[in-house]
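The values are calculated or read from the model by the stated rules, or taken from the named source; none is laboratory data. Note that the coordinates shown come from a computational prediction; the quantities given were computed from them, not determined experimentally. FYI the Cβ positions are ideal-geometry reconstructions off the backbone, even for glycines, and counts take in every protein chain you see.
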Amino acid sequence: MEGARDRMDQLVSLCKRRGFIYPGSELYGGFANSWDYGPYGVELKRNIRDAWWSRFVHGRADVYGLETPIIMNPKAWEASGHLETFTDPLVDCKKCKHRFRADQLVDAEEEKTLDLSGIRCPNCGGELTDIRQFNLMFKTFVGVTEDASSAAFLRPETAGGMFVAWKNVRDSLHRRLPFGIAQIGKAFRNEITPGNFIFRTREFEQMEIEYFVHPSKASEAFDMWLQEMKSWVADVLHLSSSRVVYKDIPREELAHYSARTVDIEYRYPFGQKELYGLANRTDYDLSRHQDASGEDLRYLDPDTNERFLPYVIEPTWGADRSVLAVLLEHLDIDEAKTAEGEKEPRMVLRLPPRLAPVQAAILPLQKKEPLVAAATELAATLRGAGWSVEYDETGSIGKRYRRQDEIGTPWCITVDPQTADDHTATIRDRDAMSQERVALRDIPSWIADKVGRRD
Ligand code: ATP
């Protein structure tokens, strides 16, 4: 585990030093388990979100976007069962006062029964309290009075809003099943054991789809979404198959609403834990909301005249866990030669080009004309073509390369005295460390071609 901790430490410090992720509220001594996404982190996360939206919403004919509020009518959470059962079992150590999730102290097979007899505090060996159920939802008050009638909750998942809006979407789209609704947004959980950097925080972002389907087609749709999730993991995030585990949850361990669940886990340095999830939620949610609201939420099949509550297949992705897995997967340390020809360790983020915060860095070899003019013009052209570009003319070229390697820029383009003569520049590849001379006018299509091909 020593090496594992080193790797997390390396990542956390790189993220801070290079402007990916900073500790939240640091100016005021910090605020536990909250994080700011800095200039590069925000680009990486946005690229992940954009890739997701373009693949699953724009890229498909059967999924539509939606945006619903973080604070909803509390009746929705009563109907969905969250007020009653969105809890984690909590125990405290009587001696050192450490707090634990009881389900994390027992083996997976015992998670349902939660028999803690014989289990002592993992921290000090002290005696544990009895289990208490702790509701994870953040409570707030809407309006000027703070009483029970004005109590409301921050959503613990984006899914709830989609079920509540199902009737409106059904009525306005007028389309045949199956189809899905997608939403990206913040969710909030008062986690008992937050930690491991951005793995478990109390405020996080989800990317979720609720896919509505005839009950007889649910299992087929489940398999289709499992394939989609596999291809996202491999083709977009480029996570190695040796670090991703698809775990079919055994029937007896399934949540009460689920007919099948696959947990998609990643081997983080701190252990194999959830990255994403896929569940067949049956008609549980729609039937709960139908009962509680008194509205008919069934779908009428125009061909067969059958009226039924659709089943829902729910693939869910954590945006922050995607960022974490991508950073861990692609952080590498190799060797590079210094200007003096000596070898030194090089930290490099081998991010897929489409996800990289910066696609190309334009580096004039000297800070003088006509190099600066040519480099500035190239930067403007590439920006105009939609790429995220950085222009850097400070420090030695070696230092500038290192900086770009650390933020994962796939291509550094050096403009040198030869550029003025033959209108070409050198493109250095982050991974191959190869150099290629390309005509300035061909660079935009060269990049477009490479990004397209690598994805
Ligand atoms: P865990 O078992 O890790 O608590 P979960 O099974 O409760 O996760 P879901 O309710 O399925 O998680 O949430 C869907 C997704 O949202 C997860 O797969 C994960 O990517 C993300 N997620 C859930 N809780 C958190 C959190 N506290 N911080 C960051 N991401 C989270």
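In table form, for the structure just shown:
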{"item": "Matching residues, region 26-63, being among the β-branched types (Val, Ile, Thr) and either closer than 23 Å to Gly408 by Cα or not assigned by TED's automatic domain parsing to the domain that holds Trp232 (or both)", "result": "Val42, Ile48"}
{"item": "Verdict on Gly185 being surrounded by 17 or more Cβ atoms within 10 Å (Cβ to Cβ), in contact (Cβ under 8 Å) with a residue 12 or more places away in the chain and of a type in the set (Gly, Ala, Ser)", "result": "yes"}
{"item": "Qualifying position, being in contact with a Leu (Cβ under 8 Å, 6 or more places away or on another chain), closer than 18 Å to Lys337 by Cα and of a type in the set (Val, Ile, Thr), among Thr419, Thr414", "result": "Thr414"}
{"item": "All strands (runs of 3 or more DSSP E) inside region 50-141 with 3 or more residues being over 18 Å from Glu191 (Cα atoms)", "result": "63-65"}
{"item": "Close pairs (7 angstrom Cβ cut-off, 6 or more residues apart or separate chains): closer than 23 Å to Leu226 by Cβ and in the same structural domain as Ala159 (by TED's automatic domain parsing) in region 200-211, near the ligand (Cβ under 8 Å from one of its atoms) and polar (S, T, N, Q) anywhere", "result": "Gln206/Thr316; Glu208/Thr316"}
{"item": "Residue list for region 322-347, filter: assigned to a strand (DSSP E or B) and within 17 Å of Val12 (Cβ to Cβ)", "result": "Leu331, Asp332, Ile333, Met347"}
{"item": "Residue check, Asp248 away from the ligand (no atom under 14 Å from the Cβ), surrounded by fewer than 16 Cβ atoms within 10 Å (Cβ to Cβ), modelled with pLDDT of 95 or more and more than 26 Å from Lys75 (Cβ to Cβ)", "result": "yes"}
{"item": "Those helices (runs of 4 or more DSSP H) lying entirely in region 368-455 with at least 2 residues buried (at least 17 other Cβ atoms within 10 Å of the Cβ)", "result": "371-384, 397-407, 443-454"}
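Matching residues to (1) within 13 Å of the ligand (Cβ to nearest atom); (2) part of a strand (DSSP E or B); (3) more than 13 Å from the chain's Cα centre (by Cα):
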| residue | (1), (2), (3) |
| --- | --- |
| Ala187 | yes, yes, no |
| Ile192 | yes, no, yes |
| Glu220 | no, no, yes |
| Trp225 | no, no, yes |
| Lys230 | no, no, yes |
| His238 | no, no, yes |
| Glu252 | no, no, yes |
| Ala255 | yes, no, yes |
| Thr261 | yes, yes, yes |
